[in-house]
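Down below is the structure, laid out as structure tokens.
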Amino acid sequence: MCGRLVCVLEGQNLTVRCQYRDNSGNIKKPEWESGYHVPGYNLPPTSQIPVLYGKMGQRFFRSMRWGLVPSTHTKSLKEFNLSTHNCCSETILERPIYSRAFLKGQRCVIPADGFFEWNSTKGAEKIPYFVHKSRGKEDETGDKHDTEHPLLMIAGLYDKCRLNNEDSFFYSASVITVSASSSINWLHHRMPALLETEEEIQQWLHTGALKSKDTLPLLSPRVCIDLYPVSKVVNSVYINSPACLEKTEPPKKRKVNTLEKFFSKKQKTDSTVEVSFSGPKTKGEGSEEDANRGKPTTS
């Protein structure tokens, strides 16, 4: 899944990092239609996140609530209690709350420096990891400004509604998730749906490029990520600082020495023996003392 996002760029820097070519081949920056993004090192669901979407062949930014509120909701935000920050790609057409937005072409991209994930191995210590795009070379989206941590371009859905039947629209969005790739499935079984190339972003954002159902193959597991363990300070949604991204050493597995293994096996063996003699005795069973009980003694 995806429960915490990281986007530390301010609004104007985001527009520079998300430049694109319009239909005429001109390089353009997306315009902000409403508000600016406030940098966040540890953004939980219901936070305001930067959302990129297409309209009339152009791209725009808008700050939206993380957690889609459908257009059918007309009451207050407090009366919306569904958890919608993640949308499973496999059921996107089955749940009306998502299928309506998807089939109306309300697809979006959520740019992020990365996200946090905790290991889901049963019985293991919960260690947070920062997951980011693979470093080392310029990526195909044209992001030349930071080869150390190029942006993840996460596929999403957005919708708008009139809370309390107000005149103005309230915008919100969900992150689409897919089965985890080999890069992360040892950590968690789900991951955000990532778009790797400008062509994929173009097809996803602009409704004229592909019909809605034809975009579903774009939602597939990707291996273009790296990760490293971070401090447990990210466990608290109230911590929002660079400390959330500081790399830590993963806990080392404690080695069990030969002596410990021996006593562990012996303990199990003793326990088994003790249990085998602790049940009720059957006819003919008993100790030598039991067998001799009642016999006359000789002097």
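None of the figures in this text is laboratory data; all of them are computed from the coordinates on show. Bear in mind that the values here come from a model prediction, so they are computed numbers and not experimental data. Glycine also receives a Cβ, built like all others from the backbone with ideal geometry; neighbour counts cover every protein chain displayed.
Values computed for the structure shown
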| quantity | calculated |
| --- | --- |
| Listed peptides 205-214, 85-94, 25-34 by packing density, highest first (mean Cβ within 10 Å) | 85-94, 205-214, 25-34 |
| Gain upon complete extension [THR46, SER99; 0.36 nm per residue less C-alpha separation] | 17.0 nm |
| Computed FRET value (nearest 0.05) for SER168 with GLU31, which takes r as the C-beta separation and R₀ as 30 Å | 0.95 |
| Full-stretch length increase - GLN12, GLU246 - with 0.36 nm per residue and alpha-carbon distance subtracted | 81.7 nm |
| Over segment 29-94: Rg over Rh, Cα atoms, Kirkwood Rh | 1.00 |
| Cβ-defined net charge surrounding SER172, 11 Å radius [Lys, Arg +1; Asp, Glu -1] | +2 |
| Over 30 Å between alpha carbons, listed pairs LYS29/LYS126; LYS160/LYS211; LYS28/LYS232 | LYS29/LYS126; LYS28/LYS232 |
